[in-house]
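Undergrad: Before anything else, here's the structure in question.
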Amino acid sequence: MLQEDLTNGYRRIYKIRAIGEDGLNIVVSIPREVIDREARKRHLSINEFIQKFRAIATYNGFEGIHYTFEPMME
């Protein structure tokens, strides 16, 4: 991701939460606006989008994390 992409992006701060036994899972929220935009692109309601898609986190070899969405396999 280029630095100028970050400069022109929105910035929100979210608390990181550990859940499960011994903090097995770490959870950070995805802004509702992001899910709303992705749902609209696919002509779905937010609930339909959440049921039909999953978030994919890409990381390693660059700073930060990049999320994309792909359909769930049936």
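Each value in this text was obtained by applying a stated rule to the coordinates, not by laboratory testing. This one's a predicted model, so the numbers in the text were calculated from it and none came from an experiment. All Cβ positions, glycine included, derive from the backbone under ideal geometry; neighbour counts span all protein chains shown.
Undergrad: Look at the stretch 38-55 and say how many of its residues are of a type outside the set (Phe, Trp, Tyr), part of a helix (DSSP H, G or I) and surrounded by 11 or more Cβ atoms within 10 Å (Cβ to Cβ). Can you show your working first?
TA: The initial filter retains those residues of the stretch 38-55 that are of a type outside the set (Phe, Trp, Tyr), namely 38-48, 50-52, 54-55.
Filter once more, so that each one left must be part of a helix (DSSP H, G or I): 38-41, 46-48, 50-52.
Checking the rest, the ones that are also surrounded by 11 or more Cβ atoms within 10 Å (Cβ to Cβ) come to 38-40, 46, 48, 50, 52.
Selection size over the stretch 38-55: 7.
Undergrad: Residues of the stretch 42-60 being under 16 Å from GLU70 (Cβ atoms) and not hydroxyl-bearing (Ser, Thr, Tyr), which ones?
TA: Hits for the stretch 42-60 are ARG42, LEU44, GLU48, PHE49, ILE50, GLN51, LYS52, PHE53, ARG54, ALA55, ILE56, ALA57.
Undergrad: Follow-up question, since we're still on this one. Give me a count of the residues in the stretch 56-72 that are in a loop (DSSP other than H, G, I, E, B) and either of a type in the set (Gly, Ala, Ser) or within 13 Å of the chain's Cα centre (by Cα) (or both).
TA: Adding up the residues that qualify gives 4.
Undergrad: For VAL34, work out the one condition from (1) loosely packed, with under 10 Cβ neighbours inside 10 Å; (2) assigned to a helix (DSSP H, G or I) it doesn't fulfil.
TA: (1)
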